[in-house]
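*Asks:* This structure is in structure tokens; I'll ask about it shortly.
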Amino acid sequence: MIDCKFSGSLNYMGAYMVRERISRRQRLIEVGVDLFCDQSYEEVAIDDIANAADISKGLLYYYFPTKHDFYIAVVQYAASQLLAATEADPALEPMERLRTSLDAYFVYVERHAKAYISLLRGGVGVDEQVAAIIDMVRQTYMKNILQSFAQDTQSSAISAIAVRGWIGFVEATSIAWLEQRSISRQELCQLAMAAFTLVVHHAQGQQNFHAV
């Protein structure tokens, strides 16, 4: 018969090991965010990751079988960070909520400029898993915007496509801004806000025209 105290100790130890494994894996991912923030996927070697995390390559492979698996985990984590950072206070008015969200977006991409440009320009970004993560971020951001303006605009395929196209505009202008630095972040935000107003109003006009 199994001693209950011994069994409880085993359960505790098992739970502790699981927590420790998750914690160490998370720390490795955070190291990866720092590495890929300044360097492209191709520039970062397995040795660089192991050295930065102060672990052996064998232990790194224990958590991530390949460099690609590690990169996917880092991109997923970065995507969740971006979505969390751009989630504005729902108590704000829709346009102020959008402005706050956009400003947070530009702060984030400025902090991770090289990785952002690399992802959206291609490279490993053409990888199906990475592309799926990027598309998930776009779809989530689009959904949040449409929900924010639900009372001001009628939900339709036109407005959804308009907002999706506007997100593409934000990504393209973000890259141009990061490379040229010819305007301030505040001016970039104002530009994106102005473009959003034009796009949404035009989409509403198209919708009203077809409804006549």
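The values are calculated or read from the model by the stated rules, or taken from the named source; none is laboratory data. All of these numbers come straight from a predicted model, not from anything done at the bench. Keep in mind that these areas ignore ligands, DNA and RNA; they rest on the heavy atoms of the full protein, side chains included. Shrake-Rupley method; radii C 1.70, N 1.55, O 1.52, S 1.80 Å.
*Asks:* For LYS57, list the aspartates and glutamates whose Cα falls under 20 Å from its own Cα; do not include residues on the same chain fewer than 8 positions away.
*Replies:* GLU20, GLU30, ASP34, GLU42, GLU43, ASP47, ASP48, ASP69
*Asks:* To the nearest 10 Å², what's LYS114's accessible area with a 1.4 Å probe?
*Replies:* Spelled out: LYS114, probe radius 1.4 Å, area about 90 Å².
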